[in-house]
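These notes are about the structure you will find just below.
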Amino acid sequence: MSHCPSSMLRVTIAFLALVLQPLGARAQSTEDEAVDKITQLNKDAITAYQAKKYQDAQKTLKEALDIASSAGLDDHPVAARTHIHLGIVIIVGLSQRDLGIKQFRKALEIEPEIKLTRALVTPDLADAFAEAKMGGTAPPSTPPTALPETRETKEANETKPAAPPETKETNEPKPAAPPATPAIPAS
């Protein structure tokens, strides 16, 4: 009894698909469970933060990041959100702006369009987040060649006449303009 090699290959592929399918489903289920757990830990941390239990909030968020790491979710949006929350806790609760900005940068590396959690924003946090978005680079040492025109500068430029070019003042009389010559009609 001889079997065709291509039919054996098809049977083998079908068998492997049946055996491996539950593994993929289990992996997805494990990832979903980790995301759910991390999400819940973020909620718990925000509750602690709002109760001014900053150390508890920090500990909870670090636990969430540990779970993300062990589940292979370091680059998942839920990890980015966790870094945002940790940055908020570190800046507001622990008064460590530079460390908080580092957390914001990690979040932005994962998800460049991420924003601060709206309910938690303060002017200080908004400034720190803006600094993180700029990469924390120092301002340029030379001024830019052209600044964008604002309403104030536009109004100022419209109301002020242009200054005449600087000239050296002397006591000598200015030379008279040469006399105008009449135009000669072409013949």
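Taking the range 76-109 on its own, how many of its residues are open to solvent by 40 Å² or more (accessible area, probe 1.4 Å) and not in a loop (DSSP other than H, G, I, E, B)?
So the answer is 10.
Among the residues of the range 72-110, which ones are of a type in the set (Ser, Thr, Tyr) and under 25 Å from Thr30 (Cα atoms)?
Kept after step one, since they are of a type in the set (Ser, Thr, Tyr), are these residues of the range 72-110: 82, 95.
The one that is of a type in the set (Ser, Thr, Tyr) and under 25 Å from Thr30 (Cα atoms): Thr82.
Of all residues in the range 31-75, count the ones that are exposed (fewer than 12 other Cβ atoms within 10 Å of the Cβ), outside any helix (DSSP H, G or I) and over 21 Å from the mean Cα position of the chain (by Cα).
Total satisfying the criteria: 2.
The values are calculated or read from the model by the stated rules, or taken from the named source; none is laboratory data. Values in this document were obtained by computation on a predicted structure and should not be read as measured data. Backbone-built Cβ (ideal geometry, glycine too); neighbour counts: all protein chains shown. In case anyone asks, the SASA skips ligands and DNA or RNA and just uses the protein heavy atoms, side chains included. Shrake-Rupley method; radii C 1.70, N 1.55, O 1.52, S 1.80 Å.
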